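Peer 1: Below is the structure I would like to discuss, written out as structure tokens.
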Amino acid sequence: MNRIDRRFAELKERRETAMIPFLTIGDPSLEASLELILEMERAGADLIELGVPYSDPLADGPVIQRSSERALQRKISIFDVIEVAHQARSRGSKLPFILFTYYNPVLQIGLERIFKTMQDNEISGIIIPDLPLEEDSETRAIAEAFGIHLIPLVVPTSNERVKRIAAGARGFVYCVSSLGVTGERAEFFGGIEDFLATVRDAANVPIVVGFGISNREQVQRFEKLCDGVVVGSAIVRTIENALHHFEVDAAHPEGLLQIRNFVGELKGSNI
């Protein structure tokens with residue numbers, strides 16, 4: 001069984017909602033990213049999105065754009081991101097890992113090569129925000145051949161399109177809570193409850209909500225409506241604010257503790 005499926009089954013038995021942090025790998029360093037993954041797992045993270053730095057991240061707001069720029073200055077590649085996942089696994093991590101990457105790096109490497117590398121390094125899923133439903137059949141088929149879930153993003157457009165995307169989903173459906181790019185928000189669009197209900201009715205897999213969620217109060221609101229919550233920009237911003245705690249090639253204990261406490265707060269763990 002794919003680790004994503006197993007984790008959601010375990011959470012369902014415990015009546016828990018998945019906490020899914022996102023971080024840009026390589027910001028501030030590969031070594032720090034590895035330690036951050038392990039700290040977030042200790043804090044109660046259930047799955048982790050591993051962001052591949054990209055020069056033109058169309059779906060991302062300024063906080064994640066800045067983190068990508070910092071990582072790209074260190075020449076971080078998709079293979080570096082996969083290697084960090086491998087190192088985390090060798091350090092005892094049990095979490096399902098999900099690669100978050102734009103399509104161009106995948107296309108440049110080649111579909112079979114990238115999915116074989118992901119399989120070899122125990123990465124369970126991939127999110128490609130600029131790969132639309134109408135063009136994903138080849139990628140989806142190869143991903144499934146290697147036992148990897150191609151996880152779709154669904155935005156509040158027409159109900160017919162939402163249902164088409166949700167009905168064919170594997171792993172989970174990533175529901176975009178706000179129109180526009182990623183980034184922390186105080187308010188979400190007015191029809192969010194109806195949108196999530198539509199996705200829930202159409203999907204045969206768990207539904208997860210992300211984009212804009214940044215604090216425990218917002219997490220609690222969405223826990224009632226979905227199976228998992230993604231927090232990205234707020235975590236990346238917390239890392240950015242703690243950069244002065246991080247050394248060049250290692251993570252300072254104070255910086256790690258800051259991230260661990262924040263993820264624990266989001267999850268509601270007694271850390």
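The values are calculated or read from the model by the stated rules, or taken from the named source; none is laboratory data. If you're wondering where the values come from, they're calculated on a predicted model, not measured in any experiment. We place every Cβ from the backbone using ideal geometry, glycine too, and count neighbours over all the protein chains shown. Surface accessibility is based on the protein's heavy atoms, side chains included, excluding ligands, DNA and RNA. Shrake-Rupley method; radii C 1.70, N 1.55, O 1.52, S 1.80 Å.
Peer 1: Name every residue in the range 15-43 that is free of Cβ contacts under 8 Å to residues at least 60 places away in the same chain, among the charged types (D, E, K, R) and over 15 Å from Lys94 (Cβ atoms), in order of residue number.
Peer 2: Across the range 15-43, the qualifying residues are Arg15, Glu16.
Peer 1: I would also like to ask the following. Are any residues in the range 212-240 assigned to a helix (DSSP H, G or I) and among the basic types (Lys, Arg), and if so, which ones?
Peer 2: First, pick out the residues of the range 212-240 that are assigned to a helix (DSSP H, G or I): 216-223, 233-240.
If the condition is that a residue be assigned to a helix (DSSP H, G or I) and among the basic types (Lys, Arg), then Arg216, Arg221, Arg237 are the ones that fit.
Conditions (1) touching a Ser or Thr at 6+ places or on another chain (Cβ under 9 Å); (2) buried (at least 21 other Cβ atoms within 10 Å of the Cβ); (3) acidic (Asp, Glu), marked per residue:
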site	(1), (2), (3)
Met1	no, no, no
Thr17	no, yes, no
Leu36	no, yes, no
Ile64	yes, yes, no
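Peer 1: Sticking with this one: Only one of these is assigned to a strand (DSSP E or B), open to solvent by less than 30 Å² (accessible area, probe 1.4 Å) and closer than 22 Å to Tyr54 by Cβ: Ile142, Ile126. Name it.
Peer 2: Numbers: Ile142 fails: assigned to a strand (DSSP E or B).
Among Ile142, Ile126, only Ile126 is assigned to a strand (DSSP E or B), open to solvent by less than 30 Å² (accessible area, probe 1.4 Å) and closer than 22 Å to Tyr54 by Cβ.
Peer 1: Right, next: Is there any pair with a first residue in the range 216-236 that is under 17 Å from Gly51 (Cβ atoms) and polar (S, T, N, Q) and a second that is open to solvent by 10 Å² or more (accessible area, probe 1.4 Å) and outside any loop (DSSP other than H, G, I, E, B) whose Cβ atoms are under 7 Å apart and which are 6 or more apart or on different chains, and what are they?
Peer 2: Going by the 7 Å Cβ cut-off, the qualifying pairs are Ser233/Val63.
Peer 1: Conditions: (1) farther than 27 Å from Ile235 by Cβ; (2) at pLDDT 95 or above. Ile207 meets all but one. Number of the miss?
Peer 2: In the conditions (1) farther than 27 Å from Ile235 by Cβ; (2) at pLDDT 95 or above, Ile207 misses (1) alone.
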